[in-house]
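A short write-up of the structure that comes next.
The values are calculated or read from the model by the stated rules, or taken from the named source; none is laboratory data. For clarity, every value in this text was computed on a predicted model and none was experimentally measured. Methodologically, a virtual Cβ is constructed for each residue, glycine included, from the backbone with ideal geometry; neighbour enumeration extends over all protein chains shown. We work out accessible area using only protein heavy atoms, side chains counted, and drop any ligands, DNA or RNA first. Shrake-Rupley method; radii C 1.70, N 1.55, O 1.52, S 1.80 Å.
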Amino acid sequence: MELNTRAVHAGREDLTDLGLHAVPIDLSTTYPARDSREEAARLDRAAAGVELGDNPIYGRVGNPTVARFERALADLEGAESAVAFATGMAALSACLLAVVAQGKRHIVAVRPLYGTSDHVIGSGLLGTEVTWSTVDSVKRDIRDDTGLVIVESPANPTLSEVDIRAIDVDVPVLVDNTFATPVLQRPIELGADIVLHSATKYLGGHGDVLGGVVACDEEFAGRLRTIRMATGGILHPLAGYLLLRGLSTLPIRIAHASGTAAELAHRLADHPGVARVYRPGIGGPMVSFDVVGDPHAVIGAVRLITPAVSLGSVDTLIQHPGSLSHHIVPEQDRHGAGIGDHLLRLSVGLEDVEDLWTDLDQALQKSYPHES
Ligand code: PLP
């Protein structure tokens with residue numbers, strides 16, 4: 001079946017036979033069982049990464065509502081499995097811990113990445129050592145102890161793209177697909193091994209749920225479940241419900257917001273207060289742009305658009321990466337990754353394009369000296 005259909009139905013295949021329409025939310029923290037010997041054997045299987053299904057012993061091990069979201073996301077990404085976490089950063093941390101645990105602590109990564117991803121990979125906080133690379137030199141930078149290649153495409157916040165097919169290495173390639181979503185890009189079809197999402201963004205889609213998810217083969221998923229069970233970063237069941245609901249409108253939200261973003265990008269390119277506009281070749285609802293004048297004045301002047309970090313909501317959000325999403329990255333590295341001090345990042349929502357343009361234009365007018 002096609003993607004639009006799967007976005008609505010994946011993870012819900014059994015509901016009609018259960019006599020249900022909405023997905024049940026299982027809030028159990030524990031699962032009673034009379035046979036302790038059998039539970040001990042099941043616990044061993046869970047610790048080895050096996051997904052236990054409807055009675056996962058304890059809420060940190062697994063959850064049936066979360067498992068529905070995992071099945072749906074794996075389906076949309078064309079992956080064997082998916083493992084869901086409390087946030088995108090918990091998901092990325094589990095991937096790093098999974099390779100470090102196997103003695104592969106070296107990471108090859110391409111900038112830019114989301115600021116906190118850059119920080120957690122580059123700081124060595126979780127025991128990794130990084131080589132910052134380019135798509136052309138990834139192969140040369142691989143070592144015997146390299147555990148992962150990590151790229152973001154389109155990248156936060158410059159929207160630069162990586163030719164995923166061109167990364168031809170024997171090491172697992174992880175693509176952060178948060179900005180593209182499976183609607184615009186399915187990295188596994190392009191040769192990647194692991195797909196990561198901050199589900200907080202487009203998958204949830206309404207700015208009211210935190211989550212992260214990794215789509216991959218069952219072998220790596222098992223390693224992630226082992227780590228999730230030990231470190232406790234599982235997604236909350238209510239978040240699992242909201243994310244599954246978000247998936248059903250994902251294609252239509254992305255299509256609508258992408259059209260509005262294309263029109264705004266076009267108008268921004270002609271605006272005297274804008275020096276440069278950044279748009280990914282694959283399209284999508286994100287637009288970044290360098291302003292001629294003071295970026296902080298734009299943030300302070302918007303009235304309809306929400307001045308906030310994050311992205312992927314029904315309302316349009318604007319933020320200054322140098323101050324927020326990428327503030328944690330040292331200035332020199334930020335500039336080296338193409339993130340200038342005049343850059344603003346716009347996450348286009350579902351409002352009418354004319355209302356958004358009126359707000360953007362009046363905010364830009366206040367940001368640079370000109371005769372009005
Ligand atoms: N990856 C990307 C591309 C992001 O933009 C973000 C957050 O902004 C993350 C990962 C981290 O996700 P979370 O905030 O859900 O931990």
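Computed quantities for the displayed model
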quantity	calculated
Matching option when the condition is within 15 Å of Arg245 (Cα to Cα) and crowded, with 21+ Cβ neighbours inside 10 Å, among Gly62, Gly11	Gly11
Subset of the range 308-317 that is closer than 13 Å to Asn156 by Cα and surrounded by 22 or more Cβ atoms within 10 Å (Cβ to Cβ) - its residue that is nearest to the ligand (Cβ to nearest atom)	Leu311
Residues of the range 94-105 classified as open to solvent by less than 20 Å² (accessible area, probe 1.4 Å) and either within 16 Å of the ligand (Cβ to nearest atom) or free of Cβ contacts under 8 Å to residues at least 24 places away in the same chain (or both), total	3
Close pairs from the range 106-117: first closer than 9 Å to Val151 by Cβ, partner β-branched (Val, Ile, Thr) and part of a strand (DSSP E or B), Cβ under 6 Å, at least 6 apart	Ala109/Val130; Ala109/Ile150; Val110/Val151
Filter result for Ala155 (within 11 Å of the ligand (Cβ to nearest atom) and either closer than 24 Å to Ile305 by Cα or surrounded by fewer than 21 Cβ atoms within 10 Å (Cβ to Cβ) (or both))	yes
The listed residue being open to solvent by 70 Å² or more (accessible area, probe 1.4 Å) and of a type in the set (S, T, N, Q), out of Gln332, Gln362	Gln332
So Leu196, is it in a loop (DSSP other than H, G, I, E, B) and not β-branched (Val, Ile, Thr)	no
When residues of the range 344-372 are limited to those that are assigned to a loop (DSSP other than H, G, I, E, B) and of a type in the set (Asp, Glu), the one farthest from His320 (Cα to Cα)	Glu371
Test: residue in the range 26-41 that is in contact (Cβ under 8 Å) with a residue 60 or more places away in the chain and either over 29 Å from Tyr114 (Cα atoms) or exposed (fewer than 14 other Cβ atoms within 10 Å of the Cβ) (or both)	yes
Residue among Ala230, Ala239 that alone is surrounded by fewer than 22 Cβ atoms within 10 Å (Cβ to Cβ) and farther than 21 Å from Ile150 by Cα	Ala230
Flag for Pro272 being within 20 Å of Val314 (Cβ to Cβ), outside the structural domain of Ala22 (by TED's automatic domain parsing), touching a residue at least 40 places away in the same chain (Cβ under 8 Å) and of a type outside the set (Val, Ile, Thr)	no
Meets criteria (open to solvent by 30 Å² or more (accessible area, probe 1.4 Å), closer than 23 Å to Tyr202 by Cα and of a type outside the set (Ser, Thr, Tyr)) for Ile305	no
Check on Val149, part of a loop (DSSP other than H, G, I, E, B) and either farther than 27 Å from Met286 by Cα or more than 12 Å from the ligand (Cβ to nearest atom) (or both)	no
Filter result for Gly147 (open to solvent by 10 Å² or more (accessible area, probe 1.4 Å) and in contact with a Lys or Arg (Cβ under 8 Å, 6 or more places away or on another chain))	no
Answer residue from the range 52-85, given it is under 17 Å from the mean Cα position of the chain (by Cα) and in a loop (DSSP other than H, G, I, E, B) and is nearest to the ligand (Cβ to nearest atom) among those	Ala79
Test for Arg225: is it in a helix (DSSP H, G or I), among the basic types (Lys, Arg), away from the ligand (no atom under 16 Å from the Cβ) and outside the structural domain of Leu346 (by TED's automatic domain parsing)	yes
Any hit, the range 172-189, residues being in a loop (DSSP other than H, G, I, E, B), away from the ligand (no atom under 15 Å from the Cβ) and surrounded by fewer than 19 Cβ atoms within 10 Å (Cβ to Cβ)	no
Residue within the range 332-342 that is within 25 Å of His256 (Cα to Cα) and among the hydrophobic types (A, V, I, L, M, F, W, C) present	no
Test: residue in the range 86-93 that is outside any loop (DSSP other than H, G, I, E, B), open to solvent by 20 Å² or more (accessible area, probe 1.4 Å) and more than 16 Å from the ligand (Cβ to nearest atom)	no
Subset tally (residues that are under 26 Å from Thr5 (Cβ atoms), in contact with a helix residue (DSSP H, G or I) (Cβ under 7 Å, 6 or more places away or on another chain) and not aliphatic (A, V, I, L, M)) for the range 209-253	7
